[in-house]
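My questions all concern the structure below.
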Amino acid sequence: MEIKEMEVALFCIHCNDEQDHVITYINNHISRIECKNCGHSVEIKVDLLKEPYKEVYEKIVHKPAEITEEYRKDLSRFLLSLPIRIIRKPYRIYRYIRQTRDVFKTYNKKYRK
């Protein structure tokens, strides 16, 4: 799970003019739009508890097909990369959990004032 910000020019109804706005995304879902000129913001509730489940579900569902395709393409390369992948996986899971926890903390502090 990750937070991304994008700057775009939108029409602000408070400034009554086109101004730069910051759009904040959480996993490709818009969670906040804020005018950089007047500071007016619109928040859109994102259900953070559902997002990790969706991600994990997608990974679990698609992984068997990915592995099958990899070993059909090049079996020797697949077998050689397997031990490294097995060693790296716990670290990748740890990084994912830490990143998700940081998103929860940031979302709760920054957007739920």
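Compute the relative contact order of the chain as a whole-number percentage, counting only Cα pairs closer than 8 Å that sit 6 or more residues apart in sequence.
19
Can you give me the P(r) profile for the chain? Cα pairs, bins 10 angstrom wide beginning at 0, each as a whole percent.
Taking all Cα pairs of the chain, the binned fractions are 12, 30, 24, 18, 11, 5, 0 percent.
Highest mean first, what order results for 7-17, 83-93 on Cβ atoms within 10 Å? Don't skip to the end; give the middle numbers.
Working: 7-17: 11.2, 83-93: 9.6.
Top of the packing list down: 7-17, 83-93.
Return one whole number: the accessible area per residue of the chain in Å², for a 1.4 Å probe.
On the way: 8820 Å² over 113 residues.
The answer is 78 Å² per residue.
How big is region 1-65 by the Kirkwood estimate over distinct Cα pairs, in Å?
13.5
Put +1 on the Cβ of every Lys and Arg and -1 on every Asp and Glu Cβ in the chain; which of Tyr53, Ile67, Ile87 then has its Cα farthest towards the positive end of the dipole?
Of the options given, the answer is Ile87.
For the chain, what is the mean residue ellipticity at 222 nm derived from helices alone (per DSSP H run of n ≥ 4: -39500 (n - 2.57); sum divided by total residues; nearest 500 deg cm²/dmol)?
-19000 deg cm²/dmol
What is the helix-to-structure angle for 50-73, meaning the angle in degrees between its Cα long axis and the longest Cα principal axis of the chain, kept from 0 to 90 and rounded to the nearest 10?
Value to nearest ten degrees: 40.
Here is a further query. Anything over 21 Å Cα to Cα? Flag those among Lys4/Lys89; Lys54/Lys89; Lys50/Lys89; Lys59/Lys105; Lys36/Lys105, in the order listed.
Lys4/Lys89; Lys50/Lys89; Lys59/Lys105; Lys36/Lys105
The values are calculated or read from the model by the stated rules, or taken from the named source; none is laboratory data. All values derive from a computational prediction rather than experimental measurement. Neighbour counts are summed over all protein chains in view; Cβ atoms, including those assigned to glycine, are modelled from backbone coordinates with ideal geometry. Heads up: the accessible areas ignore ligands, DNA and RNA and are worked out on the full protein's heavy atoms, side chains in. Shrake-Rupley method; radii C 1.70, N 1.55, O 1.52, S 1.80 Å.
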